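Engineer: I have a structure I would like to understand better, so I am pasting it below and will then ask my questions one at a time.
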Amino acid sequence: MTSVVIPQPDDWHVHLRNDEMLDAVVGYTARRFRYAMVMPNLLPPIVSTESAAHYRDQILAAAPNDAPDFSPVMAVYCSPLVDPNDLRAGIEQGVIAAVKYYPAGATTNSELGGTSLNDFAHLFEVLIATGSRLLVHAEATDPSIDIFDREAAFLTDQLAPLCDRFPELAVTVEHVSTRAGVDFVAAHPQAAATITPHHLARERSDLLANGMKPDLYCKPVINSADDRNALVTAATSGNPDFMLGTDSAPHPTTAKYGPTAKAGVFNAAYGLEVVADVFSVAGALDNLGAFVSGNGCAIYGVDTPETTITLTSESVDVEVATSLATTSGDEVVLFGAEEATRWTVT
Ligand code: DOR
Ligand code: ZN
């Protein structure tokens with residue numbers, strides 16, 4: 001038996017959706033995590049202080065009563081609809097913590113996103129003035145670029161010039177998925193990155209080699225074994241620039257199984273077990289607390305938690321749920337059920 005006690009984790013990148021999907025998924029995040037950086041790619045998107053505050057209220061109303069430490073942290077969608085004065089006011093009121101940039105067309109509900117980071121300098125100036133962060137979905141959308149090269153292309157062509165132009169802008173490269181992404185963070189002191197459980201634990205052969213797995217399809221796509229090794233090294237080494245962001249992104253099976261699959265892996269349920277498994281295999285459980293708690297607290301300037309959780313690995317096989325159902329009967333598959341048979345969280 002292996003057991004590790006760590007500070008209560010934070011999830012610095014999560015999709016909680018709205019309406020009945022919010023009701024179905026929020027408990028998984030709220031019962032495990034303290035801070036959760038909630039993504040704004042709803043329809044309509046979260047683009048103002050008012051909509052961020054309203055969405056935060058909806059999330060808290062939907063959250064279970066037995067999760068008193070849960071605190072949603074709100075990001076607004078980088079788009080022409082964001083008013084810089086409202087952004088500044090929202091940040092100063094403590095309603096808005098960050099701005100999230102999506103390249104238009106890169107992923108779910110990204111149609112309102114940008115075609116160039118350069119178009120949003122007026123918002124980045126507010127972020128610099130208030131000490132807030134720009135969160136970036138770093139993926140080129142040029143169809144002539146191979147899907148597995150799109151993170152590297154975006155970082156080189158768009159984010160590197162932006163970092164040069166605004167060296168004081170704090171940037172989080174979200175769900176970093178490649179060695180190029182890890183190297184980018186190492187080369188840019190203003191950059192940090194989130195890493196997901198699925199990019200740490202799976203590689204593209206898992207997605208494609210033995211029957212294509214829609215449940216592993218996400219954006220950015222899970223990449224090569226070499227890329228995964230780079231992510232595992234970055235996460236398990238204790239490097240303070242890397243933190244957990246699950247990118248938990250629920251889609252009903254009706255949207256996953258068919259001629260095309262929506263991008264997203266729902267891992268709020270077992271993401272911690274998956275990450276613990278990765279750290280255990282790497283012999284790095286001593287650094288697990290830094291990755292899931294300490295590093296993110298330092299990056300986002302929040303207090304470290306007083307509460308702890310215990311992860312225990314036992315060789316007893318237990319039955320775990322493999323899906324959830326929304327009130328109208330939609331099914332969402334839970335990523336990491338296999339790891340969840342090996343680990344318990346208390
Ligand atoms: O796989 C993904 N799903 N990547 C994203 O960037 C968005 C997310 C979603 O909202 O479904
Ligand atoms: Zn996301």
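Engineer: Condition first: assigned to a strand (DSSP E or B) and either within 28 Å of T307 (Cα to Cα) or within 14 Å of ligand 1 (Cβ to nearest atom) (or both). Can you find one or more residues in segment 42-59 that meet it?
Structural biologist: no
Engineer: In segment 87-130, what count of residues is obtained for those that are modelled with pLDDT of 95 or more, outside any helix (DSSP H, G or I) and touching a Cys at 6+ places or on another chain (Cβ under 9 Å)?
Structural biologist: Total meeting the criteria: 4.
Engineer: Answer yes if at least one residue in segment 243-266 is surrounded by 20 or more Cβ atoms within 10 Å (Cβ to Cβ), more than 13 Å from ligand 1 (Cβ to nearest atom) and under 13 Å from D10 (Cα atoms), and no otherwise.
Structural biologist: Checked against the condition, which is being surrounded by 20 or more Cβ atoms within 10 Å (Cβ to Cβ), more than 13 Å from ligand 1 (Cβ to nearest atom) and under 13 Å from D10 (Cα atoms), segment 243-266 yields at least one hit.
Engineer: Can you tell me which residues in segment 232-273 are among the hydroxyl-bearing types (S, T, Y) and either within 22 Å of L324 (Cα to Cα) or in a strand (DSSP E or B) (or both)?
Structural biologist: Hits for segment 232-273 are T246, S248, T253, T254, Y257, T260, Y270.
Engineer: Here is a further query. If D303 satisfies every condition in (1) touching a residue at least 40 places away in the same chain (Cβ under 8 Å); (2) under 22 Å from the mean Cα position of the chain (by Cα) but one, which is the exception?
Structural biologist: (1)
Engineer: Is it the case that segment 220-230 has a residue that's closer than 20 Å to F124 by Cα, in contact (Cβ under 8 Å) with a residue 24 or more places away in the chain and out of contact with any Gly (no Cβ under 8 Å at 6 or more places or on another chain)?
Structural biologist: Looking through segment 220-230, none of the residues is closer than 20 Å to F124 by Cα, in contact (Cβ under 8 Å) with a residue 24 or more places away in the chain and out of contact with any Gly (no Cβ under 8 Å at 6 or more places or on another chain).
Engineer: Would you pick out the residues in segment 99-111 that are away from ligand 2 (no atom under 13 Å from the Cβ) and either surrounded by fewer than 19 Cβ atoms within 10 Å (Cβ to Cβ) or among the small types (G, A, S) (or both)?
Structural biologist: Residues satisfying the conditions are A104, G105, E111.
Engineer: Return a yes/no flag: does segment 18-33 have any residue that is part of a loop (DSSP other than H, G, I, E, B), within 16 Å of ligand 1 (Cβ to nearest atom), within 21 Å of T327 (Cα to Cα) and at pLDDT 95 or above.
Structural biologist: Scanning segment 18-33 turns up at least one residue that is part of a loop (DSSP other than H, G, I, E, B), within 16 Å of ligand 1 (Cβ to nearest atom), within 21 Å of T327 (Cα to Cα) and at pLDDT 95 or above.
Engineer: Return yes when H175 is free of Cβ contacts under 8 Å to residues at least 40 places away in the same chain and surrounded by 15 or more Cβ atoms within 10 Å (Cβ to Cβ) and no when it is not.
Structural biologist: So H175 does not fit the description; no.
This table checks each residue for (1) farther than 20 Å from A235 by Cα; (2) in contact with an Asp or Glu (Cβ under 7 Å, 6 or more places away or on another chain); (3) loosely packed, with under 13 Cβ neighbours inside 10 Å.
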| site | (1), (2), (3) |
| --- | --- |
| E273 | no, yes, no |
| F291 | no, no, no |
| G301 | no, no, yes |
| A321 | yes, no, yes |
| S328 | yes, yes, yes |
| L334 | yes, no, no |
| T341 | yes, yes, no |
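Engineer: Just for helices (runs of 4 or more DSSP H) wholly inside segment 131-203: which have at least 3 residues that are more than 16 Å from ligand 1 (Cβ to nearest atom)?
Structural biologist: It comes to 160-165, 179-187.
Engineer: Now for a different question. Whether any residue in segment 226-235 is over 16 Å from the mean Cα position of the chain (by Cα), away from ligand 1 (no atom under 16 Å from the Cβ), polar (S, T, N, Q) and surrounded by fewer than 19 Cβ atoms within 10 Å (Cβ to Cβ) is what I want to check.
Structural biologist: Within segment 226-235, one or more residues are over 16 Å from the mean Cα position of the chain (by Cα), away from ligand 1 (no atom under 16 Å from the Cβ), polar (S, T, N, Q) and surrounded by fewer than 19 Cβ atoms within 10 Å (Cβ to Cβ).
Engineer: Here's another thing I want to ask about it. Hey, among the residues in segment 309-340 that are out of contact with any helix residue (DSSP H, G or I) (no Cβ under 9 Å at 6 or more places or on another chain) and assigned to a loop (DSSP other than H, G, I, E, B), which one's nearest to N18 (Cα to Cα)?
Structural biologist: It comes out as G329.
Engineer: Which residue out of T346, T308 is surrounded by fewer than 18 Cβ atoms within 10 Å (Cβ to Cβ), at pLDDT 95 or above and closer than 24 Å to M37 by Cα?
Structural biologist: After applying the criteria, what remains is T308.
Engineer: Tell me which residues, restricted to segment 127-152, are in contact with a helix residue (DSSP H, G or I) (Cβ under 8 Å, 6 or more places away or on another chain) and of a type in the set (D, E, K, R).
Structural biologist: R133, E139, D142, E151
Engineer: Tell me, yes or no, whether segment 66-81 has at least one residue that is more than 16 Å from ligand 1 (Cβ to nearest atom), touching an Asp or Glu at 6+ places or on another chain (Cβ under 9 Å) and over 23 Å from G271 (Cα atoms).
Structural biologist: The answer is yes, given that some residue of segment 66-81 is more than 16 Å from ligand 1 (Cβ to nearest atom), touching an Asp or Glu at 6+ places or on another chain (Cβ under 9 Å) and over 23 Å from G271 (Cα atoms).
Engineer: Further question on the same structure: Taking the criterion of being surrounded by 23 or more Cβ atoms within 10 Å (Cβ to Cβ), more than 16 Å from ligand 2 (Cβ to nearest atom) and not aliphatic (A, V, I, L, M), would at least one residue in segment 138-157 satisfy it?
Structural biologist: no
The values are calculated or read from the model by the stated rules, or taken from the named source; none is laboratory data. Nothing here was measured: the structure is a model prediction, and the numbers come from that model. Neighbour counts are summed over all protein chains in view; Cβ atoms, including those assigned to glycine, are modelled from backbone coordinates with ideal geometry.
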